[in-house]
Amino acid sequence: MYLGLSGGIGSGKSTVAKILSDLGAVVIDADAIAKEVLEPGQVGYESVVHAFGGSVLDTSGNIDRKQLAAAVFQDTSQLAQLEAIVHPAVSARVTQIRESLPANSIVVYDTPLLVEKQLQDQFDKVIIVIADVDVRRSRLVSRGLDTSDIAARIANQVTDEQRMAVADFVVTNNGSLQELREHVTQVWHQLTA
Ligand code: ADP
């Protein structure tokens, strides 16, 4: 079974991914894969250096992701060029990981951009984590993000309503971690029944 997991920043998506992993799912972290494919020796590295030049490298020869983000920020053609490198590399890596797993695995693809990228049809089921914006904000403040950064990130993402429109399961995470664990465990039982 292949599950998509998403949620707005601060909703608790990563926490849900961890709970699902504890319950026996194999979690594939889209952000981690996107980083991995840009490491030296990986498939995206040469392409990025070729397309964007040595100025996106740090002193050790690694791709400086902040520098790269700055280079494509507000330049849609550069962003498209970067995405044309990263997306196929990520897809290939995900396919490779999935093919290496036993056929009966429950695989969770954890991605913040599931709805933005319209990925919902790839999955057997989609799990969406939602939480009130105030709750998300205070979680992110305690994680050390500053309030203007949080507002910009939330404004940049789709809304919970848009996410819920593609959901098979909606996990509301306004309460305690214990409540979250119970809710996710219920979803797990439905998936594995
Ligand atoms: P996301 O991946 O959606 O950005 P995280 O899972 O990283 O969100 O959660 C954001 C922060 O809030 C983390 O520090 C996490 O430990 C905390 N958190 C998540 N859910 C709860 C909860 N129900 N109660 C208390 N803290 C929570």
Give the lysines whose C-alpha is closer than 26 Å to that of K18, dropping any in the same chain fewer than 8 places away, or say none. K35, K117, K125
Apply the membrane-span-like helix rule to the chain: whole DSSP H runs, Cα extent along the own long axis of at least 18 Å, mean Kyte-Doolittle hydropathy at least 0.0. List the helices found. 76-99
Length-normalised contact order for segment 30-104 - Cα pairs under 8 Å, 6+ apart - percent: 32 percent
One would report the antiparallel percent of DSSP beta bridges in the chain, rounded to the nearest 5, as 5 percent
About its Cα centre, segment 30-104 carries a charge dipole, from +1 on Lys and Arg Cβ atoms and -1 on Asp and Glu Cβ atoms, whose size in debye to the nearest 20 is 120 debye
Taking 0.36 nm per residue of separation and subtracting the Cα-Cα distance, what length does fully extending K117 through Q96 add? 5.5 nm
Just flag the chymotrypsin sites (Phe, Trp or Tyr not before Pro) in segment 1-83 sitting in loop per DSSP whose Cβ has no more than 12 other Cβ atoms within 10 Å. F73
Sum of -39500 (n - 2.57) over DSSP H runs of 4+, divided by residues of the chain (222 nm, nearest 500): -16000 deg cm²/dmol
In a Gaussian network model of the chain with springs linking alpha carbons closer than 10 Å, the residue among A131, A152, A32 that fluctuates most is A152
In Å and whole numbers, how far do the C-alpha atoms of the chain stretch along each principal axis, longest first? 50, 43, 29
Within the chain, what whole-number % of the accessible surface is contributed by carbon and sulfur, with the 1.4 Å probe and all protein chains included in the calculation? 50 percent
At 0.36 nm per residue, minus the direct Cα-Cα distance, what do D31 and R65 gain on full extension? Give it in nm, one decimal, please. 11.0 nm
Average accessible surface area per residue within the chain, 1.4 Å rolling probe, Å²: 55 Å²
Length-normalised contact order of the chain in % [C-alpha pairs under 8 Å, at least 6 apart]: 38 percent
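The values are calculated or read from the model by the stated rules, or taken from the named source; none is laboratory data. Because the structure is predicted, anything quoted here is derived from the model rather than measured. Heads up, the Cβs are rebuilt from the backbone with ideal geometry, glycines too, and the neighbour counts pull from every protein chain shown. Calculation scope for accessible area: heavy atoms of the full protein, side chains included, ligands and nucleic acids excluded. Shrake-Rupley method; radii C 1.70, N 1.55, O 1.52, S 1.80 Å.
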